[in-house]
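Just so you know, all these numbers are worked out from the coordinates, no wet-lab data involved. On a predicted model such as this, the values are computed, not experimentally measured, just so you know. Positions of Cβ are backbone-derived with ideal geometry, glycine not excepted, and every protein chain shown enters the neighbour counts.
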Amino acid sequence: MRKTAVLSTLILFSTLASAQQSPPAPQQTYVSNAEDARMKTLEDQVRTLAGEVALLRNELKDLRETKSFQSQPEGHILLASTRVESGMLASIPAAPAPEPVPAQLVQTQTYGGASSNAKLLNPDISLIGDFIGTAGHNNVSPSPSLQMHETEVGMQAIIDPYARADAFLSFGETGVNVEEAYVTFTSLPAGLLLKVGKMRADFGKVNTIHNHALPFIDRPLVTNNLIGGEDGIDDAGFSLSRFLPAPKDWFLEGTAQVFRGDSDSVFTAYRRQDLSVVGHLRAYRDLTESTNLDLGLSYARGNSAGLFTASNPSAFFTNIYAADATLRWKPLRRAIYHSFLFRNELFWSARDQLSPVNVFQTQHAFGFYSDAEYRVNRRWTLGGRFDRSGHAAAANLTDTGFSAILTYWPSEFSQIRGQYRFGHLAVAPNDFSNANELLFQFLFVMGAHGAHPF
Amino acid sequence: MRHTNTHSRFSAVAVALALSCALLFPASGRADDKLRIMTATTDLAALAQEIGGDKVEAESIARGYQDPHFVEAKPSFLLKLRRADLLIVVGLELEIGWLPPLITQSTNPKIQVGAPGYFDASRYAKILEIPTGQVTRAEGDVHPLGNPHYWLDPENGLRIARAIQDKLSEMRPNDSAYFAQRYASFEQRLKQADQQWLAEMKPYAGRKIVTYHRSWPNFAEHFGLNVVGYVEPRPGIPPSPQHTVELIGMMKRDGVKVIVVEPYFDLKTPNSVARETGGQVLVLTPSVGGEKEITDYFKLFDYDIAKLKQAFDATH
């Protein structure tokens, strides 16, 4: 093969050389005998080389045909992880004897692998389908019986030597939403990591998780009651983070984010300067090689949403404080079979708003959830969650809930889930409505979906 | 109201100040002049240490007894990656589920993809099982760029070591003679050891084996073994009853007696297959550090070959 390439190159060069050496203008009337002779020699050489190339090509073709015939069954076993069928494997010959290690190996020797052009410059593209069904009884926040809840298209790529970008477009039942689209600058000085674009705020844990990566079909009550619903704090802005000095064996990271100030029903920017800010401090430690502890403190502040009737809405703020703690266990030798996660998140909301008689007031609401997930084996995961949360705008209303979930994993790329959800939901002070629901979900992943941060 | 506004500004400034203060702390100091090498797997760390000697400090993210497809991207790895001068990866999308976010979050420009400190070992190795034609996940968790378990061929170990020598010499030109000498010594020792391994495996050439996952094609090709089936019906798909029955039938028919299992897979199905076929389950480690005594690249093959010989002799 290499000989053929060398010969072809030689021919090409000879042709080019002869083209360059041929008389460029018709007015050049004389051609020396010597040049004539040289041209003729070159032409002869080209003919000889062409003949040799044709011969070599035929040889190569013969060789290929012979080899492909011989290696047909081997190709089958190497490339396809097919079911073992009767008689199929018996016909597979022994692996050929390996060639000896070449005496000299050069760095440029490349066998294909990672340098494959298969992906060219396209981003990694993925699509995640999230189908949810609901049965049972819920008068307070009913959801449809069947819904293609979300179809998330992800595109992720390295932009240049200094940055990468991630975009997730979410196609819901009512429209399209840019869930996240941001560029991350990875090569900044002083250990800084800068993200610019629209992103889920680094506020606690559940706020950062995409729908399809949640441990439950739904989000906890506190997400809806205190941080604005399914999308939570998800806004356009800047995020700057850095590792902080920490005691030995601890990982400490600080994040500061500034957003436009529009996030679902939590924050609204009434004026251009009504920005919202988020701060997050994360501490992490490996307790053993299988167990670790992840702690976080978060703070968010912005103008209270939904106050368009107020005379000066920019003077109304919502402050939210959160603390999270996660304990994980995953034995390394059996990581795909067993794991356990126990997570708690607590939220305090202080929301400025107008009272029913148009007086400035601050509502202080508290909410939390506690969840545990246990991977029973490679295909089954069990989980339970306890929820309790006040309403941000009416702190005297408190919802309580409980969920149990069972997840089946046909493979890494799909999940089938069933969740029982009970809710003791407040409709007015001291007036509650009980909700008993059965949810099921089918999740499927197409393409290369990049890993989510730990 | 003015009070609230002031409070808001104060909060924003406090967050900004906290971060700025953090910037004043210098990045961790270097106690020595060693090149810090982080690798995805222990085998690459072992090869880097062979060539780098006492001029480098090589450490792996994954442990030798851990499935390299499923490593958790723990923040504690970020602290190590942040200080790394060189990151050596297996590539071929083996680490796609955990390494990219670690690289991005490491805030270390030296090891970003494409930077001089990012080293993809698969570029220098002989890769098998590169799919041709259409690739779909109907085949399970296939690797579209080829089988990433290529380090289990000593010839590939040598190729990677040579490329590491070039990389280290490029990063530390003053020590290039040292790295060249370390490589020459490694090459000589590995070739010698390989002759010994090949001689030991020669009597078993062509032996048929079944493996749990497709981790062994390079090993099998080099040592003349014949992998005729897998406990997994497809890569990454857990064993199914139907496939297990078919596998047992095939093993009985063809007289296959050895089932090779990586240390991170459950032994329940392999054991039941072995009981049905009168075969033997053999836990072989695909990586350095898979067992306590496997402390370098040589001991990996010493261990696996010794175990294989025992199993072949016992099931003859």
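Between residue B:141 and B:236, B:237, the built amide H atoms are under 5 Å apart, and every one of these is 5 or more places off in sequence or on another chain.
Could you sort out which of B:74/B:307; B:268/B:307; B:74/B:167 sit more than 30 Å apart by Cα distance in this structure? Pairs exceeding the cut-off: B:74/B:307. For the pair residue B:33 and residue B:118, a Förster radius of 22 Å applied to the C-beta separation gives a FRET efficiency near 0.55, rounded to the nearest 0.05.
Beta-bridge orientation, chain B: approximately 5 percent antiparallel, per DSSP, counting only bridges with both partners inside.
For the pair residue A:323 and residue A:416 in one chain, pulling the backbone fully straight at 0.36 nm per residue adds 30.4 nm over the alpha carbon distance.
Dividing the radius of gyration of the alpha carbons in region A:129-447 by their Kirkwood radius gives 0.96 for Rg/Rh. Pick out, in residue order, every one of the trypsin sites (Lys or Arg not before Pro) in region B:55-151 that is DSSP loop and has at most 13 other C-beta atoms within 10 Å; say none if there are none. Answer by residue number: there is no such site.
On the basis of the beta-carbon distance and an R0 of 51 Å, residue A:288 and residue A:311 show a calculated FRET efficiency of 0.30.
With the simple model of a label 7 Å out from the Cα in the direction of the Cβ, residue A:396 to residue B:280 spans 7.8 nm. Over chain B, the Kirkwood radius and the radius of gyration, each from Cα atoms, give a ratio Rg/Rh of 1.08.
Pairs over the 26 Å Cα-Cα cut-off, from the set B:34/B:126; B:126/B:191; B:55/B:299; B:55/B:80: B:34/B:126. Once the C-beta distance of residue A:127 and residue B:54 is scaled by a Förster radius of 56 Å, the resulting FRET efficiency is 0.65 to the nearest 0.05. The ellipsoid equivalent to the alpha-carbon distribution of region B:35-195 has semi-axes of 25, 21, 13 angstrom, derived from the gyration tensor eigenvalues as √(5λ) and listed largest first. Note on residue A:140 and residue A:49: their simple-model spin labels are 8.4 nm apart, each label 7 Å out from Cα toward Cβ. If the chain linking residue B:299 and residue B:242 were pulled fully straight, counting 0.36 nm for each residue of separation and taking away their Cα-Cα distance, it would gain 16.8 nm.
Sites listed here are GluC sites (Glu not before Pro) in region B:270-316 whose DSSP assignment is loop and whose Cβ has at most 13 other Cβ atoms within 10 Å: B:293. Ordering B:103, B:125, B:68 by the projection of their Cα atoms onto the charge dipole of region B:35-195, which places +1 on the Cβ of Lys and Arg and -1 on the Cβ of Asp and Glu, puts B:103 at the extreme positive end.
Put in order of Cβ neighbour count within 10 Å, fewest first, the listed residues A:205, A:248 become A:248, A:205.
Extension gain for residue A:39-residue A:190 works out to 47.9 nm (0.36 nm per residue, less the C-alpha to C-alpha distance). A simple charge model with +1 on the Cβ of Lys and Arg, -1 on the Cβ of Asp and Glu and nothing else charged puts the dipole of region B:35-195 at about 500 debye relative to its Cα centre.
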